[in-house]
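**Q** Pasting a structure here, questions to come.
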Amino acid sequence: MTRTFRRVAVALAATTALAPVGVAAAWNHHDGHHHHQSTAVWASPNGTGTTCTHSAPCTLATALTQAPAGGTVRALPGTYNGGFVVTSPVHLLGSRGAVIDAATAPNYTGILITAPASGSTVRGFRITGASGAPEPTPVSPPPPPEGAAIHVVGASDVTIAGNTITGNTNLNGPASQTNNPA
């Protein structure tokens with residue numbers, strides 16, 4: 001009985017000692033949050049192709065289509081042209097220095113999150129240049145609003161945290177805010 005107990009205790013200790021090594025290799029700590037590396041795709045303002053790795057990033061639009069549902073899209077530092085549409089649940093994480101310029105999008109919106117993307121996260125971006133203009137003649141039904149830094153349409157359980165929204169205007173004048181980390 002003593003021998004069996006020793007073998008079990010040694011096997012348990014060996015397994016426990018190896019677990020932190022495996023866990024540390026599988027998780028990324030760049031932004032203070034835990035995200036599994038195997039589901040991360042990487043984007044850069046100058047990205048190309050569809051590989052979407054840290055060493056060969058793709059564009060942010062491509063990364064959003066390449067990421068599996070529930071996966072993580074990591075945006076490297078730099079300025080991205082706005083007008084991104086999120087159509088599946090992803091964790092969109094901007095590195096320090098990741099900026100989305102909504103003024104470059106046709107509708108002056110930085111990120112649009114649609115109904116199929118319920119459960120998504122947007123964190124760590126500076127979004128600038130969103131602006132809305134009044135419709136010259138009221139129409140019915142009204143068109144979708146323009147000029148949102150981050151616009152959520154029909155999606156639920158969306159986390160928008162740790163972003164800085166600045167240099168934007170709307171019908172009521174300049175708008176600027178930083179949302180708190182959740």
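The values are calculated or read from the model by the stated rules, or taken from the named source; none is laboratory data. Everything quoted here is computed from the prediction, not taken from an experiment. Here Cβ is always computed from backbone atoms with ideal geometry, including for glycine, and neighbour counts include all displayed protein chains.
**Q** Just checking, does segment 48-69 include any residue being at pLDDT 95 or above, of a type outside the set (A, V, I, L, M, F, W, C) and part of a strand (DSSP E or B)?
**A** No, segment 48-69 has no match at all.
**Q** Separate question: Among the listed residues THR109, THR65, which satisfies the condition of being of a type in the set (S, T, N, Q) and crowded, with 20+ Cβ neighbours inside 10 Å?
**A** THR109
**Q** Working only within segment 88-113, note down all residues that are more than 17 Å from ARG123 (Cα to Cα) and either touching a Pro at 6+ places or on another chain (Cβ under 9 Å) or not hydroxyl-bearing (Ser, Thr, Tyr) (or both).
**A** Those that are more than 17 Å from ARG123 (Cα to Cα) and either touching a Pro at 6+ places or on another chain (Cβ under 9 Å) or not hydroxyl-bearing (Ser, Thr, Tyr) (or both): ALA103, ALA105, PRO106, ASN107.
**Q** Also, quick follow-up: I want to confirm something. Restricting to segment 85-106 and keeping residues that are at pLDDT 95 or above and of a type in the set (A, V, I, L, M, F, W, C), which single residue is surrounded by the fewest Cβ atoms within 10 Å (Cβ to Cβ)?
**A** Restricting to residues being at pLDDT 95 or above and of a type in the set (A, V, I, L, M, F, W, C), the top hit is VAL99.
**Q** Filter segment 123-133 down to residues that are of a type outside the set (A, V, I, L, M, F, W, C) and under 17 Å from ARG74 (Cα atoms) and give me whichever is surrounded by the most Cβ atoms within 10 Å (Cβ to Cβ).
**A** GLY124
**Q** Let me ask another. Can you tell me which residue among SER140, SER156, SER120 is hydroxyl-bearing (Ser, Thr, Tyr), surrounded by fewer than 18 Cβ atoms within 10 Å (Cβ to Cβ) and at pLDDT 90 or above?
**A** Matching residue, one of SER140, SER156, SER120: SER156.
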